[in-house]
Amino acid sequence: MHAAVVRSFDHAPRYEDFDLPAPNGEDEVVVKVLAAGLHPRVRSGAAGAHYADERVLPMIPGIDAVGELPDGQRVYCVVHDTPFGTMAEQVIADRRRCVALPAGVDPATIAAAMNPAMSSWIALRMRTQIKPGQSVLVIGATGNAGQMALQVAKRLGAGRLVAAGREIDKLAGSAADQIVGLKGDPAEVARALAEAAAEVDIVLDYVWGEPAVQAMMALAKGRKDRSRPLDWIQIGSVAGPDIALPSALLRSTNLRIMGSGQGSVSARAIVAELPQLVAELAAGSLPVVAESVPLAKVEETWSAKGSEGKRMVFVP
Ligand SMILES: NC(=O)c1ccc[n+]([C@@H]2O[C@H](COP(=O)([O-])OP(=O)(O)OC[C@H]3O[C@@H](n4cnc5c(N)ncnc54)[C@H](OP(=O)(O)O)[C@@H]3O)[C@@H](O)[C@H]2O)c1
């Protein structure tokens, strides 16, 4: 079969012939891939930089796909624990990690949307359990996952929504009640964050690094009752992998920091959430836009930024 093959973590995947290993055991099945999303997690895996990967070469990137089972049933599958990923004509998937898709659903749309949508869906349902009317701050709201998080939170019953990000023009028309820009004078950003979001119940943090610490300090300072729980869910780290967290902040605020991702939630628990999320996406209630690219162009397209607001999807 043809696949995007990584032979060095320093080079983009190349479109090559590759022998697919045989399925192992009765739960494994060969899925014909129709569309596979180029998510940040896929890029970091192909660069040998993702915390959950074993860095085996050669590898085929891709952690999820829309495809067809041998009986023709269309499915969405997750396959994030194998070096033979979804950016190929075929992938071996565990049947238990495949969710049937309703007829007529566009494969590219589902392949583009599931990963960014899942980040907030799992965080709000599995790491904390959002209650109707709770207010949510999304930090890093301008990316695909952040924009989706605003819609997912609303869909899951959130009350007031605050969105914080750098290029806030991208948030025009979003579900946010208030928008805070993260660029500019740090003191001014902190003041604006405190004013808009000091009383939120939940933070979905896609940035981490220095902006996350600044935001924690700003919210803590502005909060009227610091003993009221503030669930801080760490999801992405586009601004840096580490933070220096003042101990006093944890003692003086009921800040409950947790992460949401592969490992902090079991694969089984994530898969159990997928049908409901698929149903939401299939119903069009969480719109996202896919940018389809032929898999044969993977090497030349890999590092391209893609069109603004769209998620690139490779189509074999
Ligand atoms: N844990 C999970 O389950 C899970 C699932 C999906 C995604 N993620 C993670 O979530 C993060 C975002 O994913 P995505 O799909 O939304 O990626 P994306 O569509 O590529 O968006 C990334 C966004 O990050 C913003 N950004 C970059 N550097 C920043 C900084 N220093 N400060 C503030 N914003 C910054 C950019 O916004 P501007 O245009 O405003 O600069 C960009 O739009 C990634 O780290 C990804 O790995 C985690």
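Worth a mention:
- Annotation: residue 53 fulfils all but one of (1) in contact (Cβ under 8 Å) with a residue 40 or more places away in the chain; (2) surrounded by fewer than 24 Cβ atoms within 10 Å (Cβ to Cβ); (3) touching a helix residue (DSSP H, G or I) at 6+ places or on another chain (Cβ under 7 Å); the unmet one is (1).
- Pairs with Cβ under 7 Å, 6+ apart, first in segment 137-150 and without any contact (Cβ under 8 Å) to a residue 12 or more places away in the chain, second near the ligand (Cβ under 6 Å from one of its atoms) and not in a loop (DSSP other than H, G, I, E, B): none
- Filter pass, residue 242 being open to solvent by 40 Å² or more (accessible area, probe 1.4 Å), among the acidic types (Asp, Glu), in contact with a helix residue (DSSP H, G or I) (Cβ under 9 Å, 6 or more places away or on another chain) and under 21 Å from residue 127 (Cβ atoms): yes
- Residue satisfying all of: in segment 25-44; near the ligand (Cβ under 10 Å from one of its atoms) and not in a loop (DSSP other than H, G, I, E, B); farthest from residue 105 (Cα to Cα) among these: 44
- Within the set 203, 207, the sole residue that is open to solvent by less than 20 Å² (accessible area, probe 1.4 Å), within 15 Å of the ligand (Cβ to nearest atom), touching a residue at least 24 places away in the same chain (Cβ under 8 Å) and in a loop (DSSP other than H, G, I, E, B) turns out to be 207.
- Hey, residue 134 open to solvent by 30 Å² or more (accessible area, probe 1.4 Å), touching a residue at least 24 places away in the same chain (Cβ under 8 Å) and under 18 Å from the mean Cα position of the chain (by Cα) or not: no
- Residues being away from the ligand (no atom under 16 Å from the Cβ) and in a helix (DSSP H, G or I) - total across segment 232-268: 6
- Test: residue in segment 81-96 that is within 16 Å of the ligand (Cβ to nearest atom) and in contact with a Leu (Cβ under 9 Å, 6 or more places away or on another chain): no
- The set of residues in segment 3-15 that are within 16 Å of residue 84 (Cβ to Cβ) and buried (at least 16 other Cβ atoms within 10 Å of the Cβ) comprises 3, 4, 5, 6, 13, 15.
- Residue within segment 144-163 that is within 16 Å of the ligand (Cβ to nearest atom) and either acidic (Asp, Glu) or open to solvent by 70 Å² or more (accessible area, probe 1.4 Å) (or both) present: no
- Filtering 185, 177, 169, 231 for residues that are open to solvent by less than 50 Å² (accessible area, probe 1.4 Å), among the acidic types (Asp, Glu) and at negative phi leaves a single hit, 231.
The values are calculated or read from the model by the stated rules, or taken from the named source; none is laboratory data. Remember, it's a predicted structure, so these values are computed and weren't measured experimentally. FYI the Cβ positions are ideal-geometry reconstructions off the backbone, even for glycines, and counts take in every protein chain you see. Ligands, DNA and RNA are excluded from the accessible area calculation, which covers all protein heavy atoms including side chains. Shrake-Rupley method; radii C 1.70, N 1.55, O 1.52, S 1.80 Å.
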